[in-house]
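K.L.:
Pasting a structure here, questions to come.
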Amino acid sequence: MKKTYIIGNWKMHKTIQETIKFMSDIETKLAASPTNHVVVGVCPSYISLEAAQKRAKQIHVFAQNCHEKEQGAYTGEVSVSMLKEVGITGCLVGHSERRTYFHETSKACNSKLHALFARYLQPIYCIGETLEEYKSHQTKAVVEQQIKEGLANLSRDLVQSLIIAYEPVWSIGTGRNASKEIAQDVADFIRNTVSALYDEDTAKSIKILYGGSVNPTNVASYVSCQDIDGVLVGGASLDADRFLELIGAVTVSNSI
Ligand code: PGA
């Protein structure tokens, strides 16, 4: 049975103390009700990563960003080796808020993907179109470009272990989640694009997540889609009980 990924992106929320409380609440409850075939992760802020990782038993910890250079005069930045030292699982790359507010390009994302793979950290590469692009039917052209630029010069072996998160920008934090038909259609397109760039085996082995206003009520519809392996969750991952409810909804739908 395939594994379903549920990754919570906390963005700029939760202090260290709040992170500690969340981790102990959720780990205790997860231990009491095992989540078969579900991989759960959270993405705390840099400063809370160590506290989260120290308390992580079932949960995987991811960073929200990294710098592509190994070290140097880049004030305010954090390198992949610094993240690696904390013992976390991986890192988001190219979240739409990074692209919008920090002008991150797919080319910059490509350097970050190379840096993460070089240190054996699991990247989750985020892609998706804006509302204007969606309205003018450019979704597939945008996503294709983000994949081509983001994956440039990455070998087939590396790409086979990549996680891609498709998050339409218009659905992030808006309560306006994309229908499962849209999410499945774009996920299928992502696999076809990867297949054209690499081959069918590679397209089959990448994991594809949907993100954008996912909640405990709509999550099951996404994870039931043929080409969707899980979800990236913002708002609904902040409260431990709500996040557990969401995980529970996936566990139930997996067992049907
Ligand atoms: P949201 O955020 O679930 O609050 O829409 C998703 C994300 O930004 O990854």
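K.L.:
I'd like the full set of residues that are in contact with a Ser or Thr (Cβ under 9 Å, 6 or more places away or on another chain) and more than 21 Å from residue 11 (Cβ to Cβ), limited to region 69-94. Full working, then the answer.
P.N.:
Within region 69-94, the subset in contact with a Ser or Thr (Cβ under 9 Å, 6 or more places away or on another chain) is 69-72, 94.
Within region 69-94, 69, 70, 71, 72 qualify.
K.L.:
Here are some conditions: (1) of a type outside the set (S, T, N, Q); (2) under 13 Å from the mean Cα position of the chain (by Cα); (3) at pLDDT below 95. Residue 11 meets all but one. Which one does it not meet?
P.N.:
(3)
K.L.:
Which is away from the ligand (no atom under 16 Å from the Cβ) and over 24 Å from residue 4 (Cβ atoms), of 161, 155?
P.N.:
Numbers: 161 fails: over 24 Å from residue 4 (Cβ atoms).
Just one listed residue meets the conditions, 155.
K.L.:
Check residue 55 against each of (1) in contact with a Lys or Arg (Cβ under 6 Å, 6 or more places away or on another chain); (2) modelled with pLDDT of 95 or more; (3) farther than 25 Å from residue 110 by Cα and name the one condition it does not meet.
P.N.:
If we test residue 55 against (1) in contact with a Lys or Arg (Cβ under 6 Å, 6 or more places away or on another chain); (2) modelled with pLDDT of 95 or more; (3) farther than 25 Å from residue 110 by Cα, just (1) comes out false.
K.L.:
Residues to consider are 73, 52; find the one that is over 15 Å from residue 241 (Cα atoms), assigned to a loop (DSSP other than H, G, I, E, B) and either of a type in the set (A, V, I, L, M, F, W, C) or under 17 Å from the mean Cα position of the chain (by Cα) (or both). Steps first, please.
P.N.:
Numbers: 52 fails: assigned to a loop (DSSP other than H, G, I, E, B).
Unique residue meeting the criteria: 73.
K.L.:
Can you pull out the residues in region 168-209 that are among the hydroxyl-bearing types (Ser, Thr, Tyr) and within 10 Å of the ligand (Cβ to nearest atom)?
P.N.:
Our first condition is that a residue be among the hydroxyl-bearing types (Ser, Thr, Tyr); within region 168-209, this holds for 171, 174, 179, 193, 195, 198, 202, 205.
Across region 168-209, the qualifying residues are 171, 174.
K.L.:
Still on this model: Inside region 91-143, can you point out the residues that are without any contact (Cβ under 8 Å) to a residue 60 or more places away in the chain, small (Gly, Ala, Ser) and within 16 Å of the ligand (Cβ to nearest atom)?
P.N.:
94
K.L.:
Inside region 53-83, can you point out the residues that are basic (Lys, Arg) and within 21 Å of residue 101 (Cα to Cα)? Spell out the reasoning first.
P.N.:
If we filter region 53-83 for residues that are basic (Lys, Arg), which is where we start, we get 54-55, 57, 69.
Result: 69, single match.
K.L.:
Taking the condition surrounded by fewer than 18 Cβ atoms within 10 Å (Cβ to Cβ), farther than 24 Å from residue 61 by Cα, modelled with pLDDT of 95 or more and of a type in the set (A, V, I, L, M), does residue 118 pass? Quick ask: steps written out before the conclusion?
P.N.:
Working: surrounded by fewer than 18 Cβ atoms within 10 Å (Cβ to Cβ): yes; farther than 24 Å from residue 61 by Cα: no; modelled with pLDDT of 95 or more: yes; of a type in the set (A, V, I, L, M): yes.
Here the answer is no, as residue 118 does not meet what is asked.
The values are calculated or read from the model by the stated rules, or taken from the named source; none is laboratory data. Note that this is a predicted model, so its numbers are computed, not measured. In this analysis, Cβ positions are derived from the backbone assuming ideal geometry, glycine residues included, and neighbour counts consider all displayed protein chains.
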